[in-house]
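The structure appears below as structure tokens.
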Amino acid sequence: MRELVRRPLFWSTLALLLLIALNTAVTPSFLSVRLQDGHLYGSLIDILRNGAPVLLVALGMTLVIATRGIDLSVGAVAAIAGAVACVYIAGSDRPAATSTVVSAVALAVGVCILLGLWNGFLVSVFGIQPIIATLVLMTAGRGLAMLITDGQITTVVNPAFKVLGAGFVATLPVAILIALAVFAVTAVLARRTALGMLIESVGINPEASRLAGVRARTITWTVYVFCAFCAGVAGLMIASNTSAADANNAGLWIELDAILAVVIGGTSLAGGKFSLLGTLVGAMFIQTLATTIPTIGIPAEANYLFKAVVVIAVCLLQSPRVRAAFRSRRPVSTVKAGAA
Amino acid sequence: MTQVTTSIPPPAVGTPVVEMRGISISFPGVKALADVDFRLLPGEVHALMGENGAGKSTLIKALTGVYTIDEGTVTVAGTDHRFTSPADSQAAGISTVYQEVNLCTNLTVAENMLLGREPHRFGRIDVKAMNRRARSVLDRLGLSIDPGSSLGEHSIAIQQLVAIGRALDIDARVLILDEPTSSLDADEVAKLFAVMSDLRDQGVAILFVSHFLDQVFEISDRMTVLRNGKLVGEYLTRDTTQLTLVEAMIGRELETLDRLEHQAPTAAPDEARVPLLQVLGLSRKGSLQAVDLEIYDGEVIGVAGLLGSGRTELARLLFGADTADAGTIDVRGSRRRFRTPRSAIGAKIAFSSENRRAEGVVEDLTIADNMLLTLQAARGWLRPVPQRTRDRLVEEYIKALDIRPPDPAALMRNLSGGNQQKVLLARWLITQPELLILDEPTRGIDIGAKTQIQQLVAKLADEGMSVVFISTELEEVLRLSDRVVVMRDRAKIADRFNDESVTVAGILATIAAGGAELKEEDSDA
């Protein structure tokens, strides 16, 4: 049990469960999931579906943060992805065809990968601090999305495109399936190949890794590309859900939610060890929190304040220093047993 | 050597402007300075000497108020002081110019010199008066640059002089120059020394720290030597030889250790044999002067020299950790150019850095991950080392090197220095290198691990691996090496077979003499 308590994942999972318990206490139907027209409905399903974009972005962010970096441009990249896809579909000869959607999605993802290459280039080749390097695209990216959409909210009517964000497959929302699939692929790539270990090594000690022959530059570059890819897919989901590309608001502040999810999941902003499972829990926590606020009757004005308080509480819970401070009040023997 | 004592009667001269008595400073677990006396006379250049870690910078920081002293007294110009901040010390007339010039390159020369003390007029900075005041200080330094020009336009040497000018404007009685010459070329050093002589004649007491022995002998009047946080002695430069100084700095422990049993590759390498590594004119500006070196299979090359002599710089160039400006490296007769460590690893070269913590250990990963890092990096991320191979290698090396704890999953950060060093050695041995470069592999580790590592080096060489062994401990170098390369002032000054005629004293003499004495004895060039 002590071993368990010391793991960061324990506290974020506990926080998530507490949040779910709180919701259930206020709204007894919170946990219920019902099948209707072959689709699953319910609060939990909503949380999963609405949390899919944040989870996707947070996955990419986890790897970036593990290399001691950060990517602030994910929101802008998501907006660009939506803009590219919608403008392409709206402008094509057959705006309702499935094949149009396939090309649109491919094009949007391709653009995002280019944007990721740009971020990675600035960080790994020029050695610009990640927060500055990605800040460039964070601000410029929205402008780019505006240019693509001509400053309009571009709406599309295409059933195939709608599937991405709002569709169902085998009773489950497609968005959830996509997010979980990316999660699974990432987890396999990170832990079944040596990628995860090499990323951690670069994040923990870049110079030692370089001297050990690790291609630190390539690895850093790759994680930014992956992060932009994830952001792009998230952007497509958002655009699909609303059937529109809103250059101003799509994916707005999603970078902050994603960073929070990563931190709550127990990955340190100082880089190094990362936990994808932790990020999954963190993303779900963020989304549940967003659902909880209106449910328990917190006025919309206090929304952000409440969120901040909860996030601080969770971060404090995880902080080894805070936990050590609490522990030191107990008899010394407990500390020894705990440390052993 | 009688000079290596603390009981030299201080030569009778005027009243010291700075007198430190019985200074002790401790950090958690380390006694950085123990009962050190130090004095500084007006109108002298006083060199503070000692190897890295001897306590030079601690003593300077005690004098400049960066560190608070635990015990002892500091008297400046007859008044007792207890400095608690650099400002206190500055107020007492002590100015310091640090190695890294900490000025603002985007401000003008005058602004830098008078930063924080600008003359004001009607509530605004009086630029004219400021430039005039700066001009007069610059004249004192013999510099004819425009005080209104931006500092960034000038060379590092000028910037260094401006930093000194800033110190002079505070009307310093004591000027501390910490490694001021490390980034200067010969002309610039001459200029700096001219200024230092002038200031000395004007009665300023100058404390000078430098790794370059020639410079110390050229400019200083008196020296104080520290070793391991203790005072070794105070010497008049004109009565001291470089040999005495080097011995005082290193502290001779001439207990002769048995040479390790190791079959040296017999006799002189025959001319036809292709060396494993042939290095010609390898150099890098500011870090290493052109070095030639040949390394044959199964040879242990010991590299001796003081810290800062270019030992580490040589190793880093051989490994591609830094890139060379000039020179060639041939591996088994074919030309190679190492731009990155990765390319050197590809040529079967391994390098264990002296800076274990910053450049070796990946603290939050396990013993197993640390051991396999290089092998994995070489294979690429897509081809993970198979679990079975992994387990076998890790278990094998934990056993062979007696790594404790013998737990592959233990985090590297929890290991002692000696065990971390063994894991790093294993990391390289797993790649089966042909040349192993070890920079201070035994520094800061306990005696047991030290012996084990020395024995391992001898064994590896017997099995045909070539080793470059860099160490501050000359006894260790002599014990292990087939050939000894001596470095000084960032250049190779001697290279000879390690036979019975090579002794610690001989190497010290070589270092002190700059290689002149032994040049004719060099057994191969």
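The values are calculated or read from the model by the stated rules, or taken from the named source; none is laboratory data. Computed from a predicted model, the values in this text were never measured in an experiment. Cβ sites come from the backbone with ideal geometry, for glycine too, and all protein chains shown count toward neighbours. What goes into the accessible areas is simple: the full protein's heavy atoms, side chains included, and nothing from ligands, DNA or RNA. Shrake-Rupley method; radii C 1.70, N 1.55, O 1.52, S 1.80 Å.
Rounded to the nearest 20, the size of the Cβ-charge dipole of the protein assembly as shown about its Cα centre is 3600 debye, with Lys and Arg at +1 and Asp and Glu at -1. In plain terms, if you count all Cα to Cα distances in region B:79-122 and split them into 5 Å steps from zero, the share in each step is 5, 17, 18, 23, 17, 12, 6, 2 percent. For region A:1-156, the gyration tensor built on C-alpha atoms gives an oblate shape. Its axis ratio a/c (a ≥ b ≥ c) is at least 1.5, and a/b is not larger than b/c.
Heavy atoms of the protein chains alone define the surface here; on that basis chain B has 43 Å² accessible area per residue at 1.4 Å probe size. Net length available on complete extension from A:TYR41 to A:ASP93 is 15.1 nm, with 0.36 nm assigned per residue and the Cα-Cα distance removed. Straight-line cross-link partners of A:LYS162 among the aspartates and glutamates, defined as a Cα under 17 Å from its Cα and at least 8 positions apart when in the same chain: A:ASP46, A:ASP246. Equivalent ellipsoid of region A:43-85: semi-axes from √(5λ) of the C-alpha gyration tensor, largest first, are 21, 17, 6 Å.
In angstrom, the C-alpha Rg and Dmax of chain B are 25.9, 84. On the beta carbon distance between B:ARG392 and A:ALA325, with R0 = 35 Å, the FRET formula returns roughly 0.20. Segment B:ARG117..B:ASP187, full-extension length gain: 22.0 nm, with 0.36 nm per residue of separation and the alpha-carbon distance subtracted. In chain B, the calculated helix contribution to ellipticity at 222 nm averages -9500 deg cm²/dmol per residue, counting -39,500 (n - 2.57) for every DSSP H run with n ≥ 4.
Among the GluC sites (Glu not before Pro) in region B:94-153, those located in a DSSP loop and surrounded by at most 15 other Cβ atoms within 10 Å of their own Cβ are B:GLU100. Evaluating kT/(6 pi eta Rh) at 20 °C and 1.002 mPa s, with the Kirkwood radius of region B:104-166 over Cα pairs in the Stokes-Einstein relation, gives 187 µm² s⁻¹.
Among A:SER209, A:SER240, A:SER319, which one shows the highest mean-square fluctuation when chain A is modelled as a Gaussian network with alpha-carbon springs under 10 Å? Top of the fluctuation ranking is A:SER319. Using the Cβ-Cβ distance between A:VAL125 and B:SER150 with R0 set to 35 Å, the FRET efficiency from 1/(1 + (r/R0)^6) comes to roughly 0.75. A protection proxy built from the mean count of other Cβ atoms within 10 Å ranks the segments B:403-414, B:294-305, A:145-156, most packed first, as B:294-305, A:145-156, B:403-414. For the pair A:THR27 and A:THR218, a Förster radius of 45 Å applied to the C-beta separation gives a FRET efficiency near 0.35, rounded to the nearest 0.05. Summing both sides, the accessible surface hidden between B and A at a 1.4 Å probe radius is close to 2000 Å². Rounded to the nearest 10 square angstrom, A:TRP253 shows an accessible area of 140 square angstrom against a 1.4 Å probe. Exceedance of the 31 Å cut-off in Cα-Cα distance is limited, within the set B:LYS56/B:LYS459; A:LYS273/B:LYS230; B:LYS56/B:LYS128; B:LYS61/B:LYS492; B:LYS459/B:LYS492; B:LYS31/B:LYS459, to B:LYS56/B:LYS459; A:LYS273/B:LYS230; B:LYS56/B:LYS128; B:LYS61/B:LYS492; B:LYS31/B:LYS459. Highest mean packing first, where packing is the average number of other Cβ atoms within 10 Å per residue, the peptides B:117-123, A:106-112 line up as A:106-112, B:117-123. Over the protein assembly as shown, the fraction of Cα-Cα pairs per 20 Å bin, rounded to whole percents and listed from the shortest bin up, is 13, 33, 34, 17, 3, 0.
Near A:ASN249: Cβ cut-off under 15 Å, other residues only, Lys/Arg at +1 and Asp/Glu at -1. The net charge is -2. Loop-located trypsin sites (Lys or Arg not before Pro) across region A:1-106 with a Cβ neighbour count of 14 or fewer within 10 Å are A:ARG6, with loop assigned by DSSP. Here region A:2-339 is treated as a Stokes sphere of Kirkwood radius computed over C-alpha pairs; at 20 °C and 1.002 mPa s its diffusion coefficient rounds to 103 µm²/s. Residue ranges B:430-439, B:319-328, A:281-290 sort as A:281-290, B:430-439, B:319-328 when ordered by packing (mean number of other C-beta atoms within 10 Å per residue, highest first). Sequence-ordered 3J(HN,Hα) estimates for region A:286-291 from the Karplus curve with 6.51, -1.76 and 1.60 and θ = phi - 60° stand at 4, 5, 4, 4, 4, 6 Hz, glycine and proline given as x. Within the shell defined by Cβ-Cβ distances under 9 Å, the residues around A:LYS273 carry a net charge of -2, with Lys and Arg each +1 and Asp and Glu each -1.
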